Each structure stands twice: as C-alpha cells, then as structure tokens.
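**Q** My questions all concern the structure below.
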Amino acid sequence: MRAMRGVWRWRRNPLRRRTDRIEAWVALVAALLIALGATSAGWLTGRAAQGALLETVQIQHQQRHLTWVTVERLLSRAPLDPDPETSSQRDAHRRVLARWIARDGSAHIGQLAAPRPVETGERFRIWTDGRGRVVPRPMDTSTAATHAVLAGLGTTAGVGMMIEGARRMVVWQLMVRRFRRWDQEWKRAGQDWGRADAGS
C-alpha cells in the first residue's frame, strides 16, 4: 500500500525527481512480486514436495514391515546410542539380544533397543525391510504433510527475501545517483553561493 501511495504521490508533484518515481514503481513491483510470486513459488514447492513425500511414504510402507522379535537375553553394556546427550541409563537396561524371522524366511539375531523394559522370552515388534534388516519406522502422511508445508513456507520466505534484497539494492543505487547529482549541483552553484558579498 505504501508503494502505491508513493506512486500516486509522485505522479504530478513538481518536486518529484525521476529517481523518486523509479523508487516508487520498484516498491510497487516488489510488493506485487512478494504477494503473488513468492506465495506462488511456495505453493508450487509445497505441492511438489508433498507429492514426492507421499510417494516416499507409499514406498516405505511397502518395503518396511512390522516383525515380532523374541528376547534371547538382556544386555547390560552401554546403550546403543553412545551420545550421552541423547541416551540415558534407562536405555542401557533396555538393550537386548533378540531373534526374529524376516519376511523372506531368513532367521536373524542381533542387539536391539527394546521399546520398554522386557524380560527374557518376551516379545515386541520392530520395523524391518524385506531381508530382515532393522530399519526406522516408515514416515506417515501427517509427517509428510508437515514437511511439505515447511518446504513451501521456506520457499516463500526465501523468494520474498530475495525480492526485498533486490529492491533494497535498486534503492541504494538510486540514493547513490541522487547524492552524485546533489554534489554536481553544489559544484555548479560555486563555493561562494549564498554569501552577502557574492555580487548577486
């Protein structure tokens, strides 16, 4: 709105300079580009990201399976995650040696982190791929939607900042041009301009 008021204000003002009109038009164009261009870019990015992420969700749900494991014995060594910031002593008591059968029929045994305190012989479920390797749980659609929204918002903000940065560069160049013209005008006026004895 300020940009449009600036364009209107400088339309017939006798004090307007060419750089004033250019600055007002640049502000108006930048506002329109941010309102329409940045939001459109964000929407398109979010939509493309959602499509790709939903495809990933579908693939992960096809390739990852919940598998029952049986606890062979409890392990009392250090936790699976060696980072003390993300692991706790409680996790150390949940490390187990477990056995499971993969979807392809192959038998596996390995160290796992149990989701809760368990005893030998108890069962719990883990996510595995078709060969029985332990994998993270598949992404769900709500997580995919959240990531898509964040991608769209990030793109909108990034494009908006680029447009605003370009506008500021143009305004800076216009200011430099104004200062140069002022310097030239002062030189033309002469060093004794405004003195009482200048003979004017």
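**Q** Taking the Cβ of residue 131 as the centre, find all other residues whose Cβ is under 11 Å away and add up their charges (Lys, Arg: +1; Asp, Glu: -1).
**A** Every neighbour counted, the sum reads 0.
**Q** Ordered by packing density, taken as the mean number of other Cβ atoms within 10 Å over each peptide's residues, highest first, how do 112-123, 151-162 rank?
**A** Ranked by mean Cβ neighbours within 10 Å, highest first: 151-162, 112-123.
**Q** Residues of segment 41-71 with the amide nitrogen closer than 15 Å to a label point 7 Å from the Cα of residue 124, along Cα-to-Cβ, please.
**A** Under 15 Å, as judged by backbone N against the label point of residue 124, lie 67-71 of segment 41-71.
**Q** Enumerate the calculated ³J(HN,Hα) couplings along segment 37-44 in order (Karplus 6.51 cos²θ - 1.76 cosθ + 1.60, θ = phi - 60°), each rounded to whole Hz, writing x wherever the residue is Gly or Pro.
**A** Values, residue by residue: x, 5, 5, 5, 4, x, 5, 5 Hz.
**Q** Next question. Can you put 22, 126 in order of accessible area, largest first, using a 1.4 Å probe?
**A** Descending order: 22, 126.
The values are calculated or read from the model by the stated rules, or taken from the named source; none is laboratory data. Quick caveat, the model's predicted, so the values are computed rather than measured. Positions of Cβ are generated from backbone atoms using ideal geometry, with glycine treated the same way; all protein chains shown enter the neighbour counts. Just the protein is used for accessible areas: all its heavy atoms, side chains included, with ligands, DNA and RNA removed. Shrake-Rupley method; radii C 1.70, N 1.55, O 1.52, S 1.80 Å.
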